[in-house]
Every structure is written in C-alpha cells, then in structure tokens.
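The values are calculated or read from the model by the stated rules, or taken from the named source; none is laboratory data. Every value quoted in this text rests on a predicted model; they were computed, and no experiment measured them. Here the Cβ positions follow ideal geometry from the backbone for every residue, glycine too, while neighbour counts run over all protein chains shown.
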C-alpha cells in the first residue's frame, strides 16, 4: 500500500466514523452511567397486622419486619379507623422500640433510690401487696380500653374499694356528654365529615388532638376532594389558627369560651331559614317554632358584638349550612376546654341534627341514633375491658386524687400514663400519689410518674406484646382491635398484664386467664357469636388466627343504612339545652387567655423522647427541638418582645418562661403554649426541653360534665431576661413569600 | 424521519416512547393538612438521619420531604398554606448536568437517581436545584446501637460528604416491578406506593405511572388544577401539584 | 554611542547569563541623559546601578543568596499559621464538612469565594506579563518574574480549595478521567469539569511560562552558586538545562516565550470565564447572567494588578531593589490599574442596574439582601472602585509608594468581599423562599482561609530564596535595546524593535 492510498483510506475511515458517531446508536448501548437496579436491591419482609397504641384512637397498622426487627409501620388498609394510613406518631414508634433508654429491669424503690430486682422478686412483691391491699387499690391508665385494663378489672372489679381510672385526653367527658345529648348512651360524637359538603369546625383541632387524627385526616380528604365535582368547604372558628384551621377556607377568631354562642347564633339563622323557606322536614313544625322562640336571644345582630365579628358573617355561615347540605358541625378542644363546654357541645350537636334533617338522604351523621344490632355488643366489649366511658376523664381523676388524699388506697397500678406530668397543677396529683403506700408503674421509659412510683415494671413495647383493644372513638361500627407481638421482646421486659396475672395467681386471687394471650383469645371467643360476618366454618383457634391476620374484627354491616328521625322526646327536650352560659376563667383578673394545645408530634408529652418527633418541624411554627409560646405580633410589640425573646407567663399556680414566636394566626388577647414539653425526668431528649404548661393550670371543671376546663385559665405575660435562637425550618421573611409558587 | 424538534423532545422528557413506565407523583394541595406523617414515614423508610438540636439550628436537617408553610394576609384574614416539598424529579433536571461525576442521573423511567457511591460532595447539584431539596451529609449520620436495628435494609446509610435526596422510594418501585415480573404481568396502578403516599392520612399524595392513561396520576395530571412548581424554569418535574381551591367561603 | 551600536551589542554580546566572570561593557546610561531635561528627570531620578553586569547580578541575586535572621522568623511564623490551617483541614476531613458554616442551601461559602479570589489573583501575573511582552512595553521588564510567580502560586493555592471543600476528599479523584474499574468517565457536561480542566491547563501553562522565563537567570544564578560553592548549585545545575547563552539558545528562547505569551493570553481569560461559568451556567437567579464571564475576567485582572503592585512595593522595600523596581514602574502599573478599575466599575454598575431596572423579584431579592445586610461591605467595594479611580487619576498618588501600597491592599480587600458577595448572598436568597437562610463562616473556614494566605506568602518567600526574583535577562536586554535620543531640547527614550 502506498502512502497515497493509505491516506485516502484513512480519510474515508475518519469521515465514516464521524458520520457514524452522529447517529443515535449510543442509546442502544447499556450506559454505565445508569447504576445497576438504580442502586436498590429490596429484600422481602414479613408484614404483621396489629394495633397502634401510641394513642387511644385504635388505628389498625401493619408492621414490616426483617430478620426479626421492626422496620416500618403502615396503616392497615382494611381497618375502618386507619383506612390504610398512619400518623407521624405511629410511624415513629419503631424509634421507641429501639430506644436506648428503654427500661430493662424491674426496679424497686429502696432507701437509696431505685434498685434493680429480678422478675421473680417483682412478682413476689406485687402478689404480697395484692394480698395486703384486699381490693383497696386503683388502676390508672391512659384511658385505653384494652387487655390490661380488662384483666385488672376482672381480678379486682368486683371488690370494694377498687377504682379504675382512665387519664384520657382533656375534654373527653364533655365530648361524651355532648355526644350523649341526642342518644341514650355515652359515646363520642361522630359527625360524618366524609360526606359533608360544608363543615363548621368549632375549635376542633381534629388533626392534632382529636380522637383519631388519621381517621379525621381521611374524612377531611374525602370531604375536600373525594368527590368528582364537589369541593368540601370548611370554616374554623376558634381563637388560634391551628394546623386544622389552616386547611379550612376561613378562620373566624372567636373570643375564648364564646363558641357555643356562635353555634346558637348560627342555629338561630338556620332555624329561621328552615321556617321561612318551609323546608319539608320530618321534625314537627311546632318543635321548630319552639326552638325559634328560644333562639331569639341569639340573633346575629345581638351577639355579633360579643363574638367580635360582623353579624353578616354569621349569616354567611348559616346560609351555606343549609344550601350546601349535607353539612356538619364539629366541636373540639376550644369548646370542651371551657367551663361551658357541654352547653356549647349541645348547641353544636343541635346544628348537626338540623343538618341531618336537611340533608338526611346524604349523610349518616347521627349513627348514634341508629338502634343498630351491634350497639349492645359495642357497649359490652367496652365494659368487658374495664375502663369504659364512665371510668375515664378528669372527674374520675379528681375522685382518685381525693381517695388517695384520704388514704383509701393502699396500692395503685399506673399503666402507660404520666399523670404527674400531664395533669394540671391544680389537681396536685403528685402530692396525692405520695400518700399511697405502694404504687406500681408499668412503663417503657422512666418518666415523672414512674420516678414517683415504688415499683417500676418495664412493659413490652406494643410491638412486642399481646393485647386486645376497643377504641374509644368508633366510626359507626363496633371494632375489636387485636395487638400481637410482631417482634420478639428486644430487651428483658415482661408484659405488664402477665405480671399482674402471675402476681394475682400467687396471691390466690381469681384470674381470668393464665396469660394475656390466653385472655385475648378468651375475649375473641366470648364475642365470636356476636361478630357479624365472622366465618362460621373456622375453629376457635383458626378464627383467632384469621382475626390476627386482619388485625382484629369490625363490622361493615351498617355503613349505608338510613338514619331514622330522633324520637320526639329527644327533640322536645332540646329546647332546654339551647343556652350559652358565660365562660368563667381561673385568674380572671389577668390580661391574657392561656391557650394550651396539643401538637401533632408531642401528644400529651409521650413523643418528647423520640428523636424523629422532636426533629419533625411543627406544622404551624416549623420549630424543631424547641418549646415556644405563640402570640400575635401586635401583642408581642406591646410587650416589647421580638421572636426568640423570653417571656414569663404566670398564673396563681405557677409560672413558665418560654421564647416568643409571633404568629399572625392568633387572637391578640390569647397566648398559646404547646403541651408535652418541659419533662423533668423522661430521658436525654425530653428532659429540660421547654417547660410544662400544665403547671399553670388550675382545676376549673366543666359545670356539666366535670371535665377539666384546660383553657379556662387567664395569665399574666411579661418580658423576661434572655433570648433564644428559634430553631425554625421556615425562614422568618421567606415564609411570607409563598406567592412565588403561584399556588 | 423525525424532525429535529421531535427528536429533542423525545430525548429530553418524553419517556413514553421508549419505556413502559414513567413515574409521577401528584400532590393535592387541597387535601394536605400539614400533619407531617409523610415526613416521618419517609424518615423511617429511607434511613434519614436525625441531626440533633445544634445542627437543626444551622438548618442542616435532612428530611427528604419537608412541608413548607407559608403565611398570607394580616390578622384576622390570615391564610396558612402547606406545600409538601421533595425532589421534583425534573425531566430537565438542573442538578444532573452539573454533577462532574455522574452521581446523579436520569433513569429511563423518569426518575432522578442519586448514586451515593459516586458522589464526591461538590454540592454543585444542591446549588443548582431551584427547589432546594437536596441534602448534604455534613457529618457521619449517627445510628448508634440499638437505634440501628430499625434501619431499612433496602436503603443504604449515607456516608458523610455525600448528597442525598428523595428517590421516590426507588426500592419500593423496584420491589413492585420485581413482584409484577414474578407474577408475569405489568405493574398495576396502585401497586407501588412511596412511603409518603402510603402514609398520608388525607390521601393528598398519589403515585403512579403517567404513561398509563388509565392511571390515577395521568387523570390528575391532566385535570385543570395540575401545576408544576417553578414551571417557568422549564425543569418539567415529574412531581406535580393540584392547586388548592379558593380561600374565601364567604363573600 | 548610537542606537546602532546598541543593537549590535545586544546581538553579539548575548546580554545575560554569559559565562561567569565576563564583564560586559554596559552602555553608560549617564551619558545618554541630559540632566537638564525635566521629563528625563521625572522618569529616572532613582539611583542607577547599571554600571556593570557583575554588579547588577550581584545586586539582584543578593536576596537569593543572603538570608537574614528575620526571614527565618517570618517564615516560621507563616509556618505556624499554615499549621493551624492544616490542623483545621485535617479535622474537617475526618469529622465532616459540618465544621464549616455552610449549610443547606448555602452549599458554597467562603471556601469557594476564596477559590475565586485566588484564581483571580493568578491573572495578574501571566496576563500582565504576556500582554506587556506582546505589546513590548519596555517598563515591564523588572516585574515579570514576580508577577509570573504570583500566577503560579495563587493557582497552587486556589487549586487547594476545591479539595478542601469537597465532601469526600478521598474520592476526589473521580473527577480525573482515569480508565478504571469504575468504567465511568467524568461528566464533561458539568462546568466543574471544565473548571477542573481549565485550572489544570492554566497551572501547567503558567508554570512552563515561569520556568522558560527563568532559564537565563537560572544560568546566572547557577554560575554564581558554583563559584560560591553554595548548596543551590545542585538543583540550579539541573534546572538551568546547561544554558550557555548561545545564539541558538537565545533565538529559541525568544520564540518560545513569545509563543507561550500568546497561548497564555488565550488561556487566562478563558480560565476565569470558566470559573465564572461555575456560577453563570446554573439556573440560580443572580448567578445566571451573561455578564459573568467578562466581569470575572476584568475583576481578576483588577485584583491581580493590584496584587502585583502590592508585591512590587513589598519587594522593593524588603530587598532594597529601588533601582530595579522604580517609581516609574509603579506609575505605569497604576495607569493600567486605573483603566481596569474603570472597566470593572462599569461591569459592576451594569450588573446592578439591570437587576434594579428589571426588578425581577427573585433576583432583586438577592440585591436587596446584599444592600440591606452588608452596607459596609458595599462601602468597601465601592471604595475599592470609586476611591481607586479617583486616587489613581493623580500622578503624584501613583508615584507615592505608601499610598499605592495601601490602595492596592484596599482594592484586594474589596475584591475579596465582592467574591464573597457573589457566592453567598445569592445562595442565601434562593428561588425557594422557605429555604432562605443566613450564613457566617466558622472558625474552621477562617482558619483555613488565613492559612491559604500564609501559604501563598510562604511559597513566595521560599521562591525568592531559591530562584532569582528579578528578571535579570529582560532588564539587561531592555537596557541594551533602548536608549535616550535627543530630539532638539528633549531626550526621548526609544527602543529597538525586539
């Protein structure tokens, strides 16, 4: 080959390769840029159905375990409460089961503090005390209606002097009393938000402190955008723009304690509209006339000044309430937190009844009025598991504290609740507790109450133990939740109820079962005959396994049954309930209303030792790892404070200092403080973080139900020394610039 | 013969012609109530580290999914908005082109993948992300005994010095596809749910294959409410939002 | 003596680096000078040492061979500062980048600002040197070496910062296109890759440029070291490549430096343009602007020239080089600085005015934040430009050494802050307002950055002791190729075309 042809050939080759390179063949070559499997090689896990016990809502969950370790908690898709979803606190439970501060050994208080004792000795000590107590003991839990309470109830329930108490969320009794207004048995009101087109939320922070944030979340989603052509509209009335209020279309800053007045005023307009439009309702017309007479005093023009809003706003709430039927009214913490809570709840329920009558074809608000076949079963399950509605709430707590003061109890069992921390200063629980000779705390972590107890029993985490649970809040169907061990106990813990059973057996008391598992099985067997839709061909054992796979049993029978009109007697009685008493306040001479509130993450303080929950930004303030007090920027300016400045909030019962977070969504005469902070003995993450707002609260009670009026407190606020860096996720200027997204 | 314009389009953000799947997420802002369940769900699924009080003060929290909260108006006409924000999986991702080591690339299914092993931590991608959804491991993430028992084996724990971000739960997509393959079928709508979508109590988050015209996400993405954030930047995100309704119920 | 004679002499004498002991008959400059000519007086009122080559060599090589005790103390102090920076760096590498103040989304902070600053500094030398070489500005001669060395050293310092700032230093080699088992090349679409290449090319180019320029002087130094028996002879022998000053050597040398000057002149602006593209190629508001390329280049030259002046004055004082680095040189550099200051101010104004006029929210946010939060920084910046333009307009100021020293330092402070303002506020006010944040450097960052300055000075200090700092060959050549010619009553300096 001569040089010339070599050059020619190479020229041809070069141009060919250039042309070739211009084509898109590179797409067909496996690119090394793409990582194999995109870097993910998932393993299979085992999923177990159980019940979340972070709060008492009773959400069914499924837990993924890999190699015997719990990895992820998800909602149980077939469960009527969780509907396949889970909340932040539930998700974070995998963090508490592997928490380094979990209690690992039973501890008895001696002269020099707690001493570790073996499980055998713990059983001995307790059984000895059982014998000595002779039934003079109390059982206190967080209001859970579960296996543990059922076991205790079956052992001691018949004995004189035994008291079981549920330290449930504040306002529980008021809600129950309000829910009972139209029904013949106590239960929580259950408005059907799912199918509503228009909803008025009377201080109902349903996503933060409601009976089940997950259930309410699902309902809200359905209401808002669940239907093709309808966008559900919500209005929130209350003194603080909570994260629930944030999703509502309108916020009405009503003065504290006046929500009942607003409800009655709306009801007045609604009744007027019904009468003037001659709407065909099943309600007797003379009942309507009677109500209209009673409601005359609540004409919007008359109450507008008290409600600090123009009268037309009330009309504009009432008109869609009729026009956009079905509509619902939901009452919450801002209603039950005041001394006139039950009265206000009655007014709200009255609205619901009207709404049902207007839109009766579409709504199942008043399932409580249904004489459904399962109603009896529901009640019997509740009673079988000890802490029923009557046993729960603040009134019962007061009874307990009085009893402890008087020395009625020689022994107490406190299970998974922290009353020393989360009851108001006015109740003086800690002092009373010290008068009880022997207290057993069943807990996962050392907390304020466990520290005061004589014996601390480390319980299984709810992912490790057996239980059966009847949720307080049931969406129209009876539910029996089953809780099964999805993982082996991670540390050397024993089930609290097992220990009680063992000790009772040793004390020669009559025990319902040899172990909790057996008790749970027993309960399933007991109610099996009544469980509608239960497959009859299964043996007891198989049926139990069948339920475990589902996470429990619930009925789906009555979903779409039409609701009958309330009995006339109920309707007639209602006229006496339509009243709005003036709210009363503890420390009325002080200038500011105190607005304690639950946050999404902290619960009543249980979440404080969980790193995930501490680091999750609060929805409204976006603060992390931090305690704060919210006040209107105008109030802050008047006090001469800016964000991060410390203020001292004081009442007759105590005082706290907290950094200020100015927030536009709060009334200028209200200061809001989150609860659940300020632990003094709850592990490294929680202890010393903020202060406990409960120390400010007096013991004011609802005049009707005896519930703790936890927002009936007025306080002084003054500037204090010091500043704190606010650990906020949102930038203080940027948070007002959301318009860049053109949402 | 394809026109030039068409070929550019195909290459850039239309995965339809080449692939069965093009993953997309739709977030209904009208449904989001800011509860933060998705944030914790994501943290549990993806081994996202907690950084502690001190680092949070320096704004170094690692939540792959955060809920942005914006306030509008003056008292009493205040409106608070929530905006869940995670990696938008842009078809024209600004982060991908600037990475010198291909630590982030676009996979054929429309996902923006982060390969931790390749990352050297120049943080250029973070600078070029208009949504600010990329997070850097400033220190070694701490999962001390016994907390490490919770770690999800499907997701690697990141070393200090690498970038990380929402993967739309790549491992779940993988598992969903593997299962479908084992069963000899295509992935059905609803088979795969990222942790946030699965946990969201209000059902604000929907995930699916936008190439499937019967899928929920396709229908939602073609409803009148669908918007992309920073649309004017031309990033063509795979995550789309459904606009909220009007604020005023009254007047 | 006529000009022709001068030309002849330069042609056959080989000027510099002749064999040891050769005494070259240098032209008596005194004889050219008309003491009565005012213009001449103004330019040449310094003492003149161009008497004989040996004397000149002795004088200019003195800083190299003679070291005072204070030099050791000074370098030791520099070493301590560097050691603390190294300590911080090592700690940061082992603990995590969290030691620095950067955070989401201010992912680049003081490190990158300092990187840009040092890259800018590097533009002094080579650009100045090559421009002046190509334009045959005769006054350039004594400052070339110092300026070129500065380029090399500031690039060496600058090159450290990307390494300091990456998250996984131990994986930084992924950016190098090595055929390896990873089967993955770097992403050449990334501006960082361009930057990586540009910096490497520029470093190589400017090192070569520096070295080629050094050759004849190395030979002089070698001869002296051998004569003295100094230890430096070992490496000088190698580095001088056996330079003898032959005709062929000189002609190759001249061609080579001319060629390199052209190449460097092309590379240098592209390097800083590419550095600016690290910012401008992103879609970040405030960065994404077409002005960044030229703006950065001008800024770089601006700070570079200022730094050259600072350095010249320092060398002049420290090593008693008054007669080599003359007021005339500082004056000429001052004029150059004035021009660049005006151009830079124009760019700065352009950037601001377009943002202000369009008032695009996301871009204006950045500007407003800068103005609001950093009024004093802006003052320094404007001081750095307005004050400079004003002062440099006066010849008396330009030829006042302390004034120029202070002013050029001020210019570089201003330019540093300008770099900081380019990097930080724009990231602090990104598109997503939720993620806005503020940034302050931590002690780690400050420590490392201070150490980088110490490192630069240290490199320089070492260089002075190892290599001739004055471009002896060029100076001597300049003397030969130029002379004063009387035109009527005036003496005019003329130059033979090189």
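Residues are listed down the side, and each one gets a yes or a no for (1) more than 16 Å from residue A:441 (Cβ to Cβ); (2) surrounded by fewer than 24 Cβ atoms within 10 Å (Cβ to Cβ); (3) in contact (Cβ under 8 Å) with a residue 40 or more places away in the chain:
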{"site": "A:129", "(1), (2), (3)": "no, yes, yes"}
{"site": "A:136", "(1), (2), (3)": "yes, yes, yes"}
{"site": "A:140", "(1), (2), (3)": "no, no, yes"}
{"site": "A:144", "(1), (2), (3)": "no, no, yes"}
{"site": "A:147", "(1), (2), (3)": "yes, no, yes"}
{"site": "A:161", "(1), (2), (3)": "yes, yes, yes"}
{"site": "A:165", "(1), (2), (3)": "no, no, yes"}
{"site": "A:168", "(1), (2), (3)": "yes, no, yes"}
Checklist outcome for this item: In segment A:299-317, residues that are in contact with a helix residue (DSSP H, G or I) (Cβ under 9 Å, 6 or more places away or on another chain) and within 11 Å of another protein chain (Cβ to nearest Cβ) total 7
Checklist entry - Right, residue C:127: within 10 Å of the chain's Cα centre (by Cα) and either more than 10 Å from every other protein chain (Cβ to nearest Cβ) or outside any helix (DSSP H, G or I) (or both) or not? => result yes
Item to check | Top-ranked residue in segment C:160-192 [being at the interface with another protein chain (Cβ under 7 Å from one of its Cβ atoms) and out of contact with any helix residue (DSSP H, G or I) (no Cβ under 7 Å at 6 or more places or on another chain); ranked as farthest from residue C:95 (Cα to Cα)] | outcome: C:183
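For segment A:461-482, name all the residues that are within 30 Å of residue A:66 (Cβ to Cβ) and touching a helix residue (DSSP H, G or I) at 6+ places or on another chain (Cβ under 8 Å).
If we filter segment A:461-482 for residues that are within 30 Å of residue A:66 (Cβ to Cβ), which is where we start, we get A:461-469, A:471, A:479-482.
Hits for segment A:461-482 are A:461, A:462, A:463, A:464, A:465, A:466, A:467, A:468, A:469, A:480, A:482.
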Next on the checklist: Against the condition within 14 Å of chain C (Cβ to nearest Cβ), touching a helix residue (DSSP H, G or I) at 6+ places or on another chain (Cβ under 7 Å) and part of a loop (DSSP other than H, G, I, E, B), how does residue B:235 come out, does it pass?
Outcome noted: yes
Item to check | Any chance residue C:233 is surrounded by fewer than 22 Cβ atoms within 10 Å (Cβ to Cβ) and over 21 Å from residue C:126 (Cα atoms) | outcome: yes
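Among the residues of segment A:608-617, which ones are in contact (Cβ under 8 Å) with a residue 40 or more places away in the chain and either in a strand (DSSP E or B) or buried (at least 24 other Cβ atoms within 10 Å of the Cβ) (or both)? Outline the logic, then answer.
Restricting attention to segment A:608-617, the residues satisfying the condition of being in contact (Cβ under 8 Å) with a residue 40 or more places away in the chain are A:608-614, A:616-617.
Across segment A:608-617, the qualifying residues are A:608, A:609, A:610, A:612, A:613, A:616, A:617.
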Next on the checklist: Being closer than 17 Å to residue A:221 by Cα and more than 10 Å from chain A (Cβ to nearest Cβ) is the filter here; which residues of segment B:198-219 pass it?
Outcome noted: B:205, B:206, B:207, B:216, B:217
Next on the checklist: I want to confirm something. Restricting to segment B:100-131 and keeping residues that are at the interface with chain C (Cβ under 7 Å from one of its Cβ atoms), touching a strand residue (DSSP E or B) at 6+ places or on another chain (Cβ under 8 Å) and closer than 17 Å to residue B:235 by Cβ, which single residue is surrounded by the fewest Cβ atoms within 10 Å (Cβ to Cβ)?
Outcome noted: B:126
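State yes or no: is residue C:216 at pLDDT below 90 and surrounded by fewer than 21 Cβ atoms within 10 Å (Cβ to Cβ)? So that I can check it myself, show each step before the final result.
Working: at pLDDT below 90: yes; surrounded by fewer than 21 Cβ atoms within 10 Å (Cβ to Cβ): no.
Here the answer is no, as residue C:216 does not meet what is asked.
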Next on the checklist: Going residue by residue through segment C:430-440, is there one that turns out to be away from chain A (no Cβ under 14 Å) and surrounded by 20 or more Cβ atoms within 10 Å (Cβ to Cβ)?
Outcome noted: no
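Applying the selection to segment A:489-519, what residues are in a loop (DSSP other than H, G, I, E, B) and closer than 21 Å to residue A:456 by Cα?
First, the residues of segment A:489-519 that are in a loop (DSSP other than H, G, I, E, B): A:489-495, A:507-515.
Of everything in segment A:489-519, those that are in a loop (DSSP other than H, G, I, E, B) and closer than 21 Å to residue A:456 by Cα turn out to be A:489, A:490, A:491, A:492, A:493, A:494, A:495, A:507, A:515.
I need the full set of residues from segment A:450-475 which are farther than 26 Å from residue A:73 by Cβ and surrounded by 21 or more Cβ atoms within 10 Å (Cβ to Cβ), in order please.
Answer for segment A:450-475, where residues must be farther than 26 Å from residue A:73 by Cβ and surrounded by 21 or more Cβ atoms within 10 Å (Cβ to Cβ): A:453, A:455, A:456.
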Item to check | Output for segment A:94-114, where each listed residue is outside any strand (DSSP E or B), more than 14 Å from chain B (Cβ to nearest Cβ) and surrounded by fewer than 16 Cβ atoms within 10 Å (Cβ to Cβ) | outcome: A:111, A:112
Next on the checklist: Consider segment A:249-280. How many of its residues are touching a residue at least 24 places away in the same chain (Cβ under 8 Å) and facing chain B (nearest Cβ under 8 Å)?
Outcome noted: 3
Next on the checklist: Please return the ranges of helices (runs of 4 or more DSSP H) entirely within segment B:52-132 where 2 or more residues are touching a residue at least 24 places away in the same chain (Cβ under 8 Å) and within 20 Å of the chain's Cα centre (by Cα).
Outcome noted: B:94-98, B:124-128
Item to check | segment A:688-732: number of residues that are in contact (Cβ under 8 Å) with a residue 60 or more places away in the chain and within 14 Å of another protein chain (Cβ to nearest Cβ) | outcome: 11
Checklist entry - Can you spot a residue in segment B:185-196 that is at the interface with chain A (Cβ under 7 Å from one of its Cβ atoms), modelled with pLDDT of 90 or more, within 17 Å of residue A:88 (Cβ to Cβ) and touching a helix residue (DSSP H, G or I) at 6+ places or on another chain (Cβ under 6 Å)? => result no
Item to check | Yes/no for residue A:471 being closer than 20 Å to residue A:123 by Cα and assigned to a loop (DSSP other than H, G, I, E, B) | outcome: no
Checklist outcome for this item: Listed by first then second residue, the pairs whose first member lies in segment A:620-639 and is over 29 Å from residue B:60 (Cα atoms) and within 8 Å of another protein chain (Cβ to nearest Cβ), whose partner is assigned to a loop (DSSP other than H, G, I, E, B) and modelled with pLDDT under 95, with beta carbons under 7 Å and at least 6 positions apart or on separate chains, are A:634/A:668
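Being at pLDDT 90 or above, surrounded by fewer than 24 Cβ atoms within 10 Å (Cβ to Cβ) and at the interface with another protein chain (Cβ under 8 Å from one of its Cβ atoms) is the requirement here; does residue B:40 meet it?
Numbers: at pLDDT 90 or above: yes; surrounded by fewer than 24 Cβ atoms within 10 Å (Cβ to Cβ): no; at the interface with another protein chain (Cβ under 8 Å from one of its Cβ atoms): yes.
No.
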